[in-house]
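**Student:** Handing you this structure, nothing more for now.
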Amino acid sequence: MKITTFLLFIIIVVGITWQQDPSLLNFSAQAQTSDELIQQAYQNRQSDVQVKGKGTVIKTLSDDLKGSRHQRFILRLNNGQTLLVAHNIDLAPRLNGLSKNQTIEFYGEYEWNNKGGILHWTHRDPAGRHKHGWLKYNGRTYQ
């Protein structure tokens, strides 16, 4: 009886964890690297793909001030592909001091474009309808 209760408890915890953030449980038999997943999405012109990875800042851009404000910068992934990051600074803190050659880890939504793609939803969704995203920079998580 104790073993059954314990197993039920584990199943519930895993289920709740998966619902909150499926990326926390990496049980995939066909584990793709983040670069491979993003490259495949780019080649297939896919959008609305949840991705996790890291890249190196190759350029910081001016903020996009139309509608919600976004901090923008371009990352180069290990496979050479570039990715524009559009980080909503109305919903999440700005990455202060960001400059070229710094490493950024990310979790957000990939959108295809002909220049390598755009990463957005790098913040919490206040309405709770979208997966929460984040950026990690200098030991801090921005969401």
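Bear in mind that the values in this text are calculations on the coordinates, not laboratory data. Computed from a predicted structure; not experimentally measured. As a convention, Cβ positions derive from the backbone with ideal geometry for all residues, glycine included, and neighbour counts pool all protein chains shown.
**Student:** According to a simple spin-label model (label point 7 Å from Cα along Cα-to-Cβ), what is the distance in nm between Q50 and H132?
**Tutor:** Distance between label points: 1.3 nm.
**Student:** Near K54, which lysines are there with a Cα under 19 Å away, not counting those fewer than 8 places off in the same chain?
**Tutor:** Excluding near neighbours in sequence, the set is K100, K115, K131, K136.
**Student:** Students often forget the sequence filter, so: which aspartates and glutamates lie under 18 Å Cα-Cα from K59 once same-chain residues fewer than 8 apart are removed?
**Tutor:** The reachable aspartates and glutamates, counting only those whose Cα sits under 18 Å from K59, are E105.
**Student:** Along region 112-122, what does the Karplus equation 6.51 cos²θ - 1.76 cosθ + 1.60 (θ = phi - 60°) give for ³J(HN,Hα), rounded to whole Hz, x for Gly and Pro?
**Tutor:** With coefficients 6.51, -1.76 and 1.60, one gets 6, 8, 6, 9, x, x, 10, 10, 9, 6, 9 Hz.
**Student:** Residues with amide H under 5 Å of I89's amide H, sequence separation 5 or more or different chain, H placed in the peptide plane at 1.01 Å from N; which?
**Tutor:** R69, H70, Q71
**Student:** List the residues, sorted by chain then number, that are 5 or more residues from H123 or on another chain and whose placed amide H is less than 5 Å from its amide H.
**Tutor:** G133, W134
**Student:** Given labels modelled 7 Å from the Cα in the Cβ direction, how far is it in nm from T33 to L61?
**Tutor:** My value for the distance between the label points is 2.5 nm.
**Student:** Let me ask something additional. Report ³J(HN,Hα) in whole Hz for each residue of region 60-72, in order, from the Karplus equation J = 6.51 cos²θ - 1.76 cosθ + 1.60 where θ = phi - 60°; Gly and Pro get x.
**Tutor:** Karplus values, whole Hz, x for Gly and Pro: 9, 10, 5, 5, 8, 9, 7, x, 5, 6, 10, 7, 10.
**Student:** Fewest to most neighbouring Cβ within 10 Å: what's the order for I58, I74?
**Tutor:** Starting with the residue having the fewest Cβ neighbours, the order is I58, I74.
**Student:** Further, regarding this structure: Could you work out how far apart the two model spin labels at S68 and K100 are, taking each label as a point 7 Å from the Cα in the direction of the beta carbon, and quote it in nm?
**Tutor:** It works out to 3.1 nm between the two label points.
**Student:** Across region 87-99, in residue order, what do the Karplus-derived ³J(HN,Hα) couplings come to in whole Hz, using 6.51 cos²θ - 1.76 cosθ + 1.60 with θ = phi - 60° and x for Gly and Pro?
**Tutor:** Running phi through 6.51 cos²θ - 1.76 cosθ + 1.60 with θ = phi - 60° gives 9, 5, 8, 7, 10, 9, x, 5, 8, 5, x, 5, 8 Hz.
**Student:** Counting only residues 5 or more places away or on other chains, whose amide H sits under 5 Å from the amide H of V49 once H atoms are built in the peptide plane?
**Tutor:** Y110
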